[in-house]
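Encoded as structure tokens, here's the structure I'll be asking about.
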There are 2 protein chains.
Amino acid sequence: MRLENIGEFGLIELFRKSFPSKNKRVILGLGDDCAVLKTNPKKFLLFTTDSMMEKVHFDLNYFTWEQIGKKAIVSNISDISAMGGEPISCLVSLGLPKKMKTDDVLKLYSGMNKIAKLFRFSISGGDVFLSDKIVITIALLGEVKPSFLKKRSGAKTGDLLCVTGELGESQAGLELLKKYKKLTKFPLNKEILRKHLNPSPRLKESKILVRNLKVTSMIDISDGLLGDLFHILEESKVGAILFKEKIPVSKRVKKITHLLKNSPLHYALHSGEEYELLFTIKRKDIESLKKLKIKVSVIGEITDKLKKIEMVDKRGKKRVLKKRGYVHF
Amino acid sequence: MRLENIGEFGLIELFRKSFPSKNKRVILGLGDDCAVLKTNPKKFLLFTTDSMMEKVHFDLNYFTWEQIGKKAIVSNISDISAMGGEPISCLVSLGLPKKMKTDDVLKLYSGMNKIAKLFRFSISGGDVFLSDKIVITIALLGEVKPSFLKKRSGAKTGDLLCVTGELGESQAGLELLKKYKKLTKFPLNKEILRKHLNPSPRLKESKILVRNLKVTSMIDISDGLLGDLFHILEESKVGAILFKEKIPVSKRVKKITHLLKNSPLHYALHSGEEYELLFTIKRKDIESLKKLKIKVSVIGEITDKLKKIEMVDKRGKKRVLKKRGYVHF
């Protein structure tokens, strides 16, 4: 059996089964956006890591050095925000080719540093080593008040399923970049590329949500709406029904449907690296949700049909959906 | 200017100068074995990361999968022990080729897990991604009582310079492995390879030292005795004199001098990845040091000659040494 046969999530599941870990300080280990550690009675530590590899996660034909650095940090902040926490400090591990220009490394680092400053934490150290291809691994430490901690588990039958922002632009943008090869040849409004090249984490939204509502589960969309919804369903041991017309398909993606291989809805369901928050709330909180000044759509409901995702349209026509998130192997 | 021109330490120095970071929770940022964070009044957090890249840090011709996993964790524990702390939890980021056998990944992970268990912490999560060459990045979190925290800075003129264990085997072992190419063709006692293939961190020794003596500065030997001594001198703004005959040159290296390119002393001075502790103590603590049940050699003294390393032999002949630690670019 080779990795390409079991995929990223198959491998992680295998680690979980083969090496169950018990440790009184680890509240949550493998299987959520962050590990949760107890070192202090008042706040839990959140601990996460995410890597970006040249040609796998980014292409030097489209990305500037600064954008690569920024995105590497953003994906980690997104994991902290998915748990309801705030970042404290990060370490940066850089695998770099020896022929790389020092100025380019500084631009990369500058991108990381700008995002860290913007979100009020600092890069506290790291490691550099030789590598043919550029590889960036960030380890980010955050903290969360125990009452604000949100997990993938916790969604209950009848809860409402919600998502921030609009969906689909990250994958659609990437497809367009691949189609036109170079940014200089890109004929459209570059706004459609923002989510892929210059994403933002939903840290502010996460803070507002956990402070104002009973959020029962939460995750960030890095593997696609369906892929990440499936993670919630798996950990919460429930199912979900999506309201087709309520899914916030990006207006920009809709406008350029003729240039894309798939329907706008397809991108909204499968696009990874969106860094939006997918979460569930108690039904009674719907009015409180509407009062919050953040863009949120109620896109479905939690059902008792274990790990089953259905979609219903306004005419009542139902179909079962298969997850197809981005799998790295 | 390219990375190969400025080297690993030149790059880190450039980061420090270009992006000075100020953050009230960061007690120590770039420039020591770990970052030191204050999130709790009673204990400081230690935060470190270290990577291993195929062909750069290990070769599949010599290492078993389990040994690679173990060494990846050991190098990080060594950083925690250099600061006087204890490990709490780690994250593992794995870049893996898609054709890699799942069983081999499990052996790799098993090696990491065994070391984590041995030192009573757990792997709490991580990330996996596609990579042509295997790349392993560990982020390790530890903690330390503020009074036990040791830094590279703190050595004072007149302090004694000490080192645990014996030195030279890691680099000598690697040279022999390269010479004989495959482990199956290795004609000597394999004990000489232990430090390179199966290193141990000096966590127990660190605990004993910080609890019983006034250790004024400490570092682990990952870049070679001279390279790491230089880090202490730089951060403490002092110099050092080494007593040539007191340097604990590995007896096994001495035995096989005829097979090596350099003198045994050369290996003791320059061999990286030794994971021994290099530290300074107050002169008055020499008697207390002798009573501790750990192998330690007093190898020199701290002087006021800024960043200058001299070596004196028993006849009183003195010479100035140049650092030549392992530089990754």
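Before we move on, is B:VAL92 surrounded by fewer than 24 Cβ atoms within 10 Å (Cβ to Cβ) and either assigned to a strand (DSSP E or B) or hydrophobic (A, V, I, L, M, F, W, C) (or both)?
Values: surrounded by fewer than 24 Cβ atoms within 10 Å (Cβ to Cβ): no; either assigned to a strand (DSSP E or B) or hydrophobic (A, V, I, L, M, F, W, C) (or both): yes.
No.
Among the residues of segment B:1-11, write down those that are closer than 26 Å to B:LEU45 by Cα and either touching a Phe, Trp or Tyr at 6+ places or on another chain (Cβ under 7 Å) or facing chain A (nearest Cβ under 7 Å) (or both). Give the derivation first.
Let us first name the residues in segment B:1-11 that are closer than 26 Å to B:LEU45 by Cα, namely B:8-9, B:11.
Within segment B:1-11, B:GLU8, B:LEU11 meet the criteria.
What are the residues in segment A:32-71 that are facing chain B (nearest Cβ under 10 Å), assigned to a loop (DSSP other than H, G, I, E, B) and either touching a helix residue (DSSP H, G or I) at 6+ places or on another chain (Cβ under 6 Å) or among the charged types (D, E, K, R) (or both), if any?
A:ASP32, A:ASP33, A:CYS34, A:LYS42, A:LYS43, A:LYS55
Okay, next question. Please go through segment B:15-31 and pick out each residue that is more than 7 Å from chain A (Cβ to nearest Cβ) and assigned to a helix (DSSP H, G or I). Break it down into steps so the answer makes sense when it comes.
Taking segment B:15-31 and keeping what is more than 7 Å from chain A (Cβ to nearest Cβ), we get B:16-17, B:20, B:22, B:24, B:27-28, B:31.
Matches in segment B:15-31: B:ARG16, B:LYS17.
In segment B:240-281, what count of residues is obtained for those that are hydrophobic (A, V, I, L, M, F, W, C), closer than 15 Å to B:LYS322 by Cα and part of a helix (DSSP H, G or I)? Walk me through it before giving the result.
If we filter segment B:240-281 for residues that are hydrophobic (A, V, I, L, M, F, W, C), which is where we start, we get B:240-243, B:247, B:249, B:253, B:256, B:259-260, B:265, B:268-269, B:277-279, B:281.
If we keep only those that are closer than 15 Å to B:LYS322 by Cα as well, we get B:240-242, B:265, B:268-269.
Next, only the ones that are part of a helix (DSSP H, G or I) stay: B:265, B:268-269.
Summing the residues that are hydrophobic (A, V, I, L, M, F, W, C), closer than 15 Å to B:LYS322 by Cα and part of a helix (DSSP H, G or I) in segment B:240-281 gives 3.
Go through (1) touching a Pro at 6+ places or on another chain (Cβ under 9 Å); (2) in a loop (DSSP other than H, G, I, E, B) one by one and return the number of the condition A:SER200 breaks.
Of the numbered conditions (1) touching a Pro at 6+ places or on another chain (Cβ under 9 Å); (2) in a loop (DSSP other than H, G, I, E, B), the odd one out for A:SER200 is (1).
Sticking with this structure for a sec: Any residue in segment A:79-104 that is more than 7 Å from chain B (Cβ to nearest Cβ) and within 14 Å of A:PHE44 (Cα to Cα) sitting within a Cβ distance under 6 Å of a residue that is of a type in the set (Gly, Ala, Ser) and in a strand (DSSP E or B)? List the pairs, counting only those 6 or more apart or interchain.
What qualifies is A:ILE80/A:GLY142; A:GLY85/A:GLY142; A:GLU86/A:GLY142; A:PRO87/A:GLY142.
So that you can scan it fast, the table gives a plain yes or no per residue for (1) in a loop (DSSP other than H, G, I, E, B); (2) touching a strand residue (DSSP E or B) at 6+ places or on another chain (Cβ under 7 Å); (3) at positive phi:
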residue	(1), (2), (3)
A:LEU229	no, yes, no
A:ASP285	no, no, no
A:LYS293	yes, no, no
A:LYS305	yes, yes, no
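If the requirement is being surrounded by fewer than 24 Cβ atoms within 10 Å (Cβ to Cβ) and either touching a Pro at 6+ places or on another chain (Cβ under 7 Å) or in the same structural domain as B:ARG211 (by TED's automatic domain parsing) (or both), which of these qualifies: B:LEU174, B:LEU140, B:LEU106?
Values: B:LEU140 fails: surrounded by fewer than 24 Cβ atoms within 10 Å (Cβ to Cβ); B:LEU106 fails: either touching a Pro at 6+ places or on another chain (Cβ under 7 Å) or in the same structural domain as B:ARG211 (by TED's automatic domain parsing) (or both).
Checking each option against the conditions leaves just B:LEU174.
Which residue pairs have Cβ atoms closer than 6 Å, lie 6 or more positions apart in sequence or on different chains, and pair a first residue in segment A:168-188 that is within 16 Å of A:HIS270 (Cβ to Cβ) with a second residue that is among the aromatic types (Phe, Trp, Tyr) and assigned to a loop (DSSP other than H, G, I, E, B)?
As it stands, the answer is none, since no pair meets every condition given.
Do we have B:GLU166 as in the same structural domain as B:PRO264 (by TED's automatic domain parsing) and out of contact with any Cys (no Cβ under 8 Å at 6 or more places or on another chain) here? Outline the logic, then answer.
On the way: in the same structural domain as B:PRO264 (by TED's automatic domain parsing): yes; out of contact with any Cys (no Cβ under 8 Å at 6 or more places or on another chain): yes.
Yes; evaluated as a whole, the condition is true for this residue.
For segment A:107-165, how many residues meet the condition of being closer than 25 Å to A:GLU234 by Cβ and basic (Lys, Arg)?
The total comes to 4.
If you don't mind, there's one more thing I want to ask. Of the residues A:GLY111, A:GLY142, only one is more than 7 Å from chain B (Cβ to nearest Cβ), in contact with a Lys or Arg (Cβ under 7 Å, 6 or more places away or on another chain) and touching a residue at least 12 places away in the same chain (Cβ under 8 Å); which? Give the steps one after another, and end with the answer.
Numbers: A:GLY142 fails: in contact with a Lys or Arg (Cβ under 7 Å, 6 or more places away or on another chain).
Matching residue, one of A:GLY111, A:GLY142: A:GLY111.
The values are calculated or read from the model by the stated rules, or taken from the named source; none is laboratory data. In this text, all values refer to a predicted model and were calculated from it rather than measured experimentally. All Cβ positions, even for glycine, are placed from backbone atoms using ideal geometry, and neighbour counts span all protein chains on display.
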